[in-house]
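Please treat every number below as a calculation from the coordinates, not as lab data. Everything quoted here is computed from the prediction, not taken from an experiment. So basically every Cβ, Gly included, is an ideal-geometry build from the backbone, and we count neighbours across all protein chains shown.
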Amino acid sequence: MRKFLPFLFLILSFELDAQSPQKLSASAIYEKIEKLNFLGSVLYLAAHPDDENTRLISYFSNEKHARTAYLSLTRGDGGQNLIGPQIREQLGLIRTQELLAARKIDGGRQFFSRANDFGYSKNPEETLKTWNKNEVLSDVVWVIRNFKPDVIINRFDHRTPGTTHGHHTASAILSVEAFEITKDQSIFPQQLEYTTTWQPERLFFNTSSWFFGSQEAFREATKDEKYLTFDTGVYFPLKGLSNPEIASLSRSQHQSQGFGSTGSRGSEMEYLELIKGSQPTSREDVFSGINTSWTRVEGGAQIGEILGDVQKNFDFTNPSASLPKLLKAYSLIQNLKDEHWKTIKTEEIKGIIQACAGLYLEAVSNSEFASPGDNIRLHLEAINRSTANVTLKSIVLNPQNRVEETATLLPNNEDWKKFFDYKIPLNAAYTSPYWLNKEGTVGMYRVDDPKLIGKPETPHTSTVTFNIDINGTSISFKKEIVYKYNDNVSGENYENFEIIPPVSIGFADDVILFPNQESKNIRIKVTAEKDNTRGILKLDAPSEWQISPKSEAVNLPQKGSSITYTFKVIPPSSQNEIWIQPEFETSEETYKDEVITINYPHIPKQTLVVPAKLKLAKIDIQKRGENIAYIAGAGDVVPESLRQIGYHVSVLSPATINADALAKYDAVVTGVRAYNVLEELRYKNKELMKYVENGGTLVSQYNKDRGITVDQIGPFPFKLSYDRVTEEDAEINFIDPDSPVLNTPNKITKKDFDGWVQERGLYFPNTWDENYDTVLSMHDKNEEAMQGSLLIAKYGKGYYVYTGLSFFRQFPAGVAGSYRLFANLLSLGK
């Protein structure tokens, strides 16, 4: 636990536990009052998690007190994962939660579009074609019409296609186009059933010297009045932190990308270029010339006067002294004609009133999971820790809208607790990520409910509303039902309360490969999510695949219990690939889904409900050598994949590496980005080279040049670059058709590159020593051929291989050709 102690202040101050009830200090209440008195909004817009400028988001939220949000068009599904094996959709879920954790620190809100991060794109034309430009544009317009920002800030420049990731430029292009059309009722008119049109006041590009090539050119350009310049390095005494320190804490939540950041103090200048809209009256304030006071809305002047007095006379030792005026302002806000600001400010002031009254409200389930139709036990708690006259009039259990009259006075510091039985509706939807519920396309997630578009998470419908009377003013507080438990080490813990299927069916593997005619076993784990789970587990496949038995009777008497069943599979004689899905038949229904949990300490536990499926692939593959040593890098499933085709794989700790110990292995493989994340390789790489020199084969998977731990990875120098081939179907040419890599023991043809997913490879070397041989040539459309995807060198008695080919993506997808080629690499010299 010692390593968590430095973050205690962070946890208490920023409430990273998403499920725990807010417990605001007096200074935090005051900051919310400041925000209550500011009626202005700013939207930051970019393509991915980690693209956002956390300094600006924190500055606008904490210094200007503006409603601030980040619209990330994608959830980062196409990137790499430095903390675990999850890729694609599950990685997108992790990065979604990392963004939400970041926003809890810097004070912003988070939005997304339906765009799927399909991997690196070299130009916006490709991006917008794959995404479906019109649909993503509609999502951007939808978010703008709902959030109604006065100011939009683009992270990237819409005028420089081809100079950065295509997703980056595309995000700016869409933002510029959306700025012009959000006010037009004839464009995406179906949205107006749920929202209204809107015209932002200004659109900026968040520029920097990086975009100009030199500091001198940048200084000269920013003299123009269309550039705003202001210092974001401010210090917040109420927080005890500078704005850059908050920004670094926010940035450090992107742990799956390795973006830990050290805070700084002092001046931090930011630069914005006006792209569209009105010229600010001050070059230091994006809101200058925009009314951001309560007089902005009809009927707001009196509210502003009352709340101005609350802010001026706030008593940090007795926040409840502000309750009378806050309650008066609350009542006046309910009469506002402007529905947008009425809704926003009602929620803001309710939170402040609750905090000033020391009003603690909580609804806790006795179970972490439940299924439709289940009965659970709810523990409700309410306590008033002020001298205000507070009455709990009633509670409402949702979604049933079941009202329980209570009419209970809540005297100062006297805890009210009560248990209620709660039935989950039979038609309740599973609380799985809404964008993963239906099959989408390569570029777009499918979301059928338009009201969900833009939301970071699936809204929880299992809630309890506490209807409270405070000094004669009635206010309703809605609380999500949560699950709470005590751990003997970490103490009180909160988790989401989830609705899931009554049974989970999951394969032990994602892919099973058959390199020969030998049978293999399929393992299926059946987990009961409720008591007395009975049914028949079936597994069907085409006739050329022999599976036995055809079914198994399942009887799981207790919730949480599980049994793993084994089915024997004999593959066909010829190469063949199929997907199979299990079925669990009960007397009422047939279930086909698996419940997956993702649990990392820096984000809330995540639950997915996804169709269970398994790929079976009979492949024509030969190999030489048996024993492989694997040095894990940033996280992949390469060891498990190599075991699938018959290798014995030992995962080694870098500390144990020495040439003599490695001599017993036929080949050694380093995991993706191993030289970026393993500091020990700084000292052990010489031992790896000695192993090669003595006759071993070493295969190094891709690394990034930035943050590499050694001066030279291989036995001879090469220079890593950002070169990559992003088109997964890019044509492959053989530079040296006679190379053993293409002939021994498997004859590699261009068909072995069919069916690759997401990309061919990434971060290829672009220069290399003459001792390296190149084997493959490839390129994206309209680009020059690249030969750095695979470098082979004879060194001493052994072979060294460096490859940027994305085997780590192909193996989990069961791409047969990738296994055949990798087996040839491991067989070098055998």
- [ ] Run the dipole for the chain about the Cα centre, Lys and Arg Cβ at +1, Asp and Glu Cβ at -1, nothing else charged, and hand back the magnitude in debye, nearest 20.
- [x] 940
TODO: Compute the distance in nm between two label points, each set 7 Å from the Cα along the Cα-to-Cβ direction, one at Gln22 and one at Thr590.
DONE: 4.8
Task: Tilt relative to the chain, helix 166-181 - C-alpha long axis, 0 to 90 degrees, to 10 - done: 30
- [ ] Of the listed pairs Lys520/Lys664; Lys684/Lys747; Lys23/Lys451; Lys455/Lys559; Lys104/Lys455; Lys129/Lys276, which have alpha-carbon separations greater than 23 Å here?
- [x] Lys520/Lys664; Lys684/Lys747; Lys23/Lys451; Lys455/Lys559; Lys129/Lys276
- [ ] Quick one: which residues, 5+ away or cross-chain, put their amide H under 5 Å from the amide H of Arg109? H built at 1.01 Å from N.
- [x] Thr68, Ala69, Tyr70
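To the nearest 0.05, what FRET efficiency results for His602 and Lys451 with a Förster distance of 35 Å applied to their C-beta separation?
0.75
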- [ ] Take the alpha-carbon positions of the chain, form their convex hull, and give its projected area averaged over all directions (one quarter of the hull surface) in nm².
- [x] 37.4
Task: Charge dipole (the chain, unit charges on Cβ, about Cα centre) - positive-most of Phe118, His65, Met269 - done: His65
Task: Overall Cα dimensions of segment 40-290 - principal axes, largest extent first, Å - done: 45, 43, 37
Task: Helix-only [θ]222 nm of the chain, DSSP H runs n ≥ 4, -39500 (n - 2.57) each, per residue, nearest 500 - done: -6500 deg cm²/dmol
TODO: Provide the convex hull volume over Cα atoms per residue for segment 131-197, in Å³.
DONE: 83
- [ ] With only alpha-carbon atoms counted, please give the Rg and Dmax of segment 386-486, in Å.
- [x] 18.4, 58
TODO: Taking the Cα centre of segment 637-795 as origin, work out the dipole magnitude from +1 charges on Lys and Arg Cβ and -1 charges on Asp and Glu Cβ, in debye rounded to 20.
DONE: 520
Task: Cα-based Rg of segment 334-440 normalised by 2.2 N^0.38 Å, two decimals - done: 1.36
Open item on the list: Taking only the Cα atoms of segment 198-256, how large is their convex hull per residue, in Å³?
Closed with: 185
Open item on the list: Give me the one-decimal nm value for the distance between modelled label points at Glu339 and Thr744, 7 Å along each residue's Cα-to-Cβ direction.
Closed with: 7.5
Open item on the list: I'd like the orientation of helix 339-356 relative to the chain: the angle between its Cα long axis and the longest Cα principal axis, in ° from 0 to 90, rounded to 10.
Closed with: 80
Task: Sorted largest first, extent of segment 503-618 alpha carbons per principal axis (Å) - done: 44, 39, 19
TODO: Compute the long axis of helix 816-826 from its Cα atoms, compare it with the longest principal axis of the Cα atoms of the chain, and write down the angle in degrees, 0 to 90, nearest 10.
DONE: 60
Task: Value of relative contact order over segment 155-295, rounded to a whole percent, pairs C-alpha under 8 Å and six or more apart - done: 23
Open item on the list: Relative contact order for the chain: what percent, with Cα pairs under 8 Å and sequence separation of 6 or more?
Closed with: 9
- [ ] Please state, rounded to one decimal and in Å, the Kirkwood hydrodynamic radius that segment 568-721 gives when every pair of distinct Cα atoms enters the mean of 1/r.
- [x] 18.9
- [ ] Sort out for me the Cα centre separation of segment 464-483 from segment 53-89, rounded to whole Å.
- [x] 31
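Express the relative contact order of segment 627-826 as a whole percentage, based on alpha carbon pairs under 8 Å and six or more residues apart in sequence.
Relative CO of segment 627-826 lands at 23 percent.
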